[in-house]
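The structure appears right after this line, and notes come after that.
The values are calculated or read from the model by the stated rules, or taken from the named source; none is laboratory data. Predicted model, so just to flag it, every value in this text is computed and none were measured. Note that each Cβ is placed from the backbone with ideal geometry, even for glycine, and that neighbours are counted across all protein chains shown.
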There are 2 protein chains.
Amino acid sequence: MTNLLIKNLRILDGEPTDLLIENGRIAKIAPDQEAGTTPVEDAGGHIAIPALTEAHTHLDKSLLGFPWYHNDVGGGNLMAMIDNERQMKTRLGMDPHVQSMRHALKTAGYGATLIRSHVDIDTTGGLRALEGVMETAEKLADVVEIQTVAFPQSGLMISPGTAELLDEAMAMGADLMGGLDPCGVDHDPKGHLDTIFALAEKHGKGIDIHLHERGELGAFSMEQTLDRAEALGMKGMITISHAFCLGMPDQGRVEGLLERLAALDVAIMTTAPASSPAPLVKQLQAHGIRIGSGNDGIQDTWGPYGNGDMLERVKFVGLRNNLRSDKEMYQALDICAGGGAVAMGLERRALEVGAPGDLVLVEGVAVAHAIVTHAPRKLVVKAGKVTARDGATLIEAP
Amino acid sequence: MTNLLIKNLRILDGEPTDLLIENGRIAKIAPDQEAGTTPVEDAGGHIAIPALTEAHTHLDKSLLGFPWYHNDVGGGNLMAMIDNERQMKTRLGMDPHVQSMRHALKTAGYGATLIRSHVDIDTTGGLRALEGVMETAEKLADVVEIQTVAFPQSGLMISPGTAELLDEAMAMGADLMGGLDPCGVDHDPKGHLDTIFALAEKHGKGIDIHLHERGELGAFSMEQTLDRAEALGMKGMITISHAFCLGMPDQGRVEGLLERLAALDVAIMTTAPASSPAPLVKQLQAHGIRIGSGNDGIQDTWGPYGNGDMLERVKFVGLRNNLRSDKEMYQALDICAGGGAVAMGLERRALEVGAPGDLVLVEGVAVAHAIVTHAPRKLVVKAGKVTARDGATLIEAP
């Protein structure tokens with residue numbers, strides 16, 4: 001745990017001040033502090049924001065560092081994209097540890113100190129992806145805290161042997177049990193949900209399930225999930241990622257789901273996608289539901305988009321939810337920063353005394369300006385330790 | 001009209017070649033061309049794309065160059081945002097010529113050689129905005145071709161005196177007659193549409209109408225617009241901007257509208273908004289409908305977003321329409337480049353012999369890579385003349 005005095009920073013759109021981190025936590029925020037023997041950084045009047053939170057990504061599947069991938073599959077067929085990816089991983093000889101190092105460091109360089117990564121578990125790759133990402137998590141512990149989710153990307157009930165691998169993954173130390181479209185991919189919601197809840201219960205861990213199913217189908221799978229969470233007393237232990245069904249037009253139906261989500265303290269992760277129905281953050285906030293966001297996979301066989309920058313994701317959250325005023329931009333930022341940490345079940349990152357010493361100095365004359373321009377970060381600090389400077393992490397990617 | 005030989009460029013994802021522009025038009029595309037007395041640019045293997053087209057923006061209202069605008073209005077109330085903007089223009093002492101110079105040059109620096117700008121005409125500002133933008137269009141004629149639309153931003157039927165100003169604006173030389181939400185803003189669709197069609201007919205010009213109205217309301221206003229276009233024989237002369245109603249769920253209804261739009265050769269301009277229903281580009285393309293895109297207003301009293309970069313807009317078109325494969329990324333690019341020019345009623349920009357010598361050298365190892373990273377442009381050429389280099393126009397903004 002480190003001490004650091006950051007001189008002449010502006011907290012959000014406030015007046016210049018100094019911020020002292022002691023033993024990894026914010027100890028004092030006041031102007032004109034004396035450094036004594038504490039290491040000093042001069043913020044030069046830059047704006048400080050809480051460190052960012054990447055709450056939904058896939059560290060094992062980015063193609064960073066490979067020759068550019070020419071995509072001829074397109075976005076029309078989900079199973080074709082899943083099969084293509086599994087085959088390409090082998091054909092390209094991807095090393096999950098190397099890829100996750102590249103991806104995690106890129107994300108950390110943009111100012112995230114927390115990452116939740118789903119990690120593919122399937123009968124082709126076995127546990128290799130999880131081993132690689134866990135090795136990355138260990139190596140980068142001082143730079144970024146990585147949670148892993150054991151994720152049946154290629155299906156569970158349709159792929160015999162996967163349940164046993166998920167069980168091993170949880171025994172190896174995956175932080176959460178994953179899941180995926182119980183109807184849409186597995187075609188067996190009861191089998192899928194019974195299996196992942198049984199494994200979560202066995203290993204005493206929470207669940208983070210991908211739910212792309214739209215409209216009534218998604219609502220059905222969501223209800224089945226909530227029924228099990230309720231029966232097993234898993235309040236506060238469930239995350240539903242994507243949750244496209246919460247963007248359906250039937251608002252009476254959506255409100256009913258939101259009430260149950262709030263009662264069970266379920267967290268929602270949204271990438272704020274432009275091309276899908278999606279949870280509306282203001283509506284969720286009105287119910288007190290924890291919300292995080294993430295970039296999802298970046299530059300992989302699924303598509304060319306994404307760079308790991310959670311400040312650009314703040315912009316996407318704003319654009320998707322029609323957020324425009326300064327106050328609304330702070331709300332979008334919170335989803336990708338402190339609020340995202342809370343959604344991950346961790347302590348809120350905030351620029352206040354007592355909070356973890358995780359912060360980012362950004363370029364821009366105002367917070368909204370920094371968000372919409374998302375220029376390379378000036379400085380990234382985790383628990384009082386400088387981890388990145390001028391857009392690059394101090395540790396180099398392999 | 002200028003001559004220029006560009007050596008060692010890659011056209012889209014093709015092999016390196018040379019491209020000769022003579023008298024402002026592409027004369028030859030072949031490797032190892034001799035320059036003779038023709039000026040030469042070395043592209044260094046960079047990818048060339050056709051010049052970009054900004055087909056929907058508002059050059060008169062960006063706050064570029066002003067202190068950062070702190071927005072406390074938000075996105076909830078359309079009329080409040082309209083009134084706030086009109087008042088702020090006076091309070092801040094905005095000069096439409098200076099603002100449009102800043103905005104147009106920023107857009108041109110990102111590689112657009114064509115801009116269609118709506119220009120506010122109202123009883124507060126009168127014709128000042130149009131005068132300012134027309135002055136910019138004249139000054140920047142060698143850098144970017146600017147079309148102007150006389151736009152009743154503050155309403156027409158609800159604001160007596162506006163129709164007379166629009167008449168004057170058209171007499172001054174505005175290229176198109178504008179319009180705005182005949183039901184939603186003016187509350188008098190017959191009055192609004194009769195007025196703008198009469199003015200368009202009087203001055204022999206086309207129409208580009210903002211239509212944010214959603215669902216059945218927008219479909220009604222669209223039908224009323226199409227009825228008049230048909231009756232007045234204005235095939236190919238109408239543009240509908242935004243057209244959110246084409247994103248409504250009732251696909252039978254949408255298909256019926258698309259058939260009429262195609263029959264009357266109406267162009268659609270979409271910003272590919274993340275927070276609104278929107279026309280789906282593949283569906284429009286299937287009907288052969290001309291499509292352009294634009295950044296809309298940037299960094300103004302409406303919101304903090306936008307920078308004038310039409311290559312970033314390609315990314316938004318792709319994200320909004322779930323475009324992922326290389327082929328789909330080319331389609332997204334075309335909407336913001338050659339296809340956008342056609343939607344503006346102009347000659348297609350294309351990298352082929354005979355086409356206008358308008359092109360951009362981009363950074364990236366592949367076209368999709370250039371789109372998703374949208375780094376500053378290496379070189380921008382209009383009619384064989386270099387207009388911008390390394391992200392900056394050769395003419396400086398005031």
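All conditions in (1) buried (at least 23 other Cβ atoms within 10 Å of the Cβ); (2) under 22 Å from B:Ala274 (Cβ atoms) hold for B:Arg214, with the sole exception of (1).
When you scan region A:13-37, how many residues do you find that are away from chain B (no Cβ under 14 Å) and either among the hydroxyl-bearing types (Ser, Thr, Tyr) or in a loop (DSSP other than H, G, I, E, B) (or both)? Walk me through how you get there before you give the answer.
Within region A:13-37, the subset away from chain B (no Cβ under 14 Å) is A:15-37.
Subsequent filtering for residues that are either among the hydroxyl-bearing types (Ser, Thr, Tyr) or in a loop (DSSP other than H, G, I, E, B) (or both) retains A:15, A:17, A:23-24, A:30-37.
Residues meeting the conditions: 12.
Do we have B:Thr107 as crowded, with 20+ Cβ neighbours inside 10 Å, polar (S, T, N, Q) and part of a helix (DSSP H, G or I) here? In short, yes. Looking across region A:356-374, the residues that are under 26 Å from A:Ala30 (Cα atoms) and within 14 Å of chain B (Cβ to nearest Cβ) come down to A:Val362, A:Glu363, A:Gly364, A:Val365, A:Ala366, A:Val367, A:Ala368, A:His369, A:Ala370, A:Ile371. Residue check: B:Asp18 meets all listed conditions (1) surrounded by fewer than 19 Cβ atoms within 10 Å (Cβ to Cβ); (2) outside the structural domain of B:Asp296 (by TED's automatic domain parsing); (3) without any contact (Cβ under 8 Å) to a residue 60 or more places away in the chain but one, namely (1).
Examine region A:289-301 for a residue that is of a type in the set (A, V, I, L, M, F, W, C), in contact (Cβ under 8 Å) with a residue 60 or more places away in the chain, surrounded by fewer than 24 Cβ atoms within 10 Å (Cβ to Cβ) and farther than 30 Å from B:Leu78 by Cα, and state whether such a residue exists. Outline the logic, then answer.
Start the filter on region A:289-301 by keeping residues that are of a type in the set (A, V, I, L, M, F, W, C), which leaves A:289, A:291, A:298.
Now drop any that are not in contact (Cβ under 8 Å) with a residue 60 or more places away in the chain, which leaves A:298.
If we keep only those that are surrounded by fewer than 24 Cβ atoms within 10 Å (Cβ to Cβ) as well, we get none.
The answer is no; no qualifying residue exists.
For region A:4-37, the set of residues classified as of a type in the set (Ser, Thr, Tyr) and at pLDDT below 95 consists of A:Thr37 only. Only one entry in B:Ala27, B:Ala43, B:Ala51 is small (Gly, Ala, Ser), surrounded by 14 or more Cβ atoms within 10 Å (Cβ to Cβ) and under 25 Å from the mean Cα position of the chain (by Cα), namely B:Ala51. Residues in region B:133-154 that are farther than 23 Å from B:Arg389 by Cβ and crowded, with 22+ Cβ neighbours inside 10 Å: B:Val133, B:Met134, B:Thr148, B:Val149, B:Ala150, B:Phe151, B:Pro152, B:Gln153. Counting only helices (runs of 4 or more DSSP H) that sit completely within region A:291-355, those holding 1 or more residues that are within 14 Å of chain B (Cβ to nearest Cβ), within 29 Å of A:Met237 (Cβ to Cβ) and among the aromatic types (Phe, Trp, Tyr) correspond to A:310-320, A:326-335.
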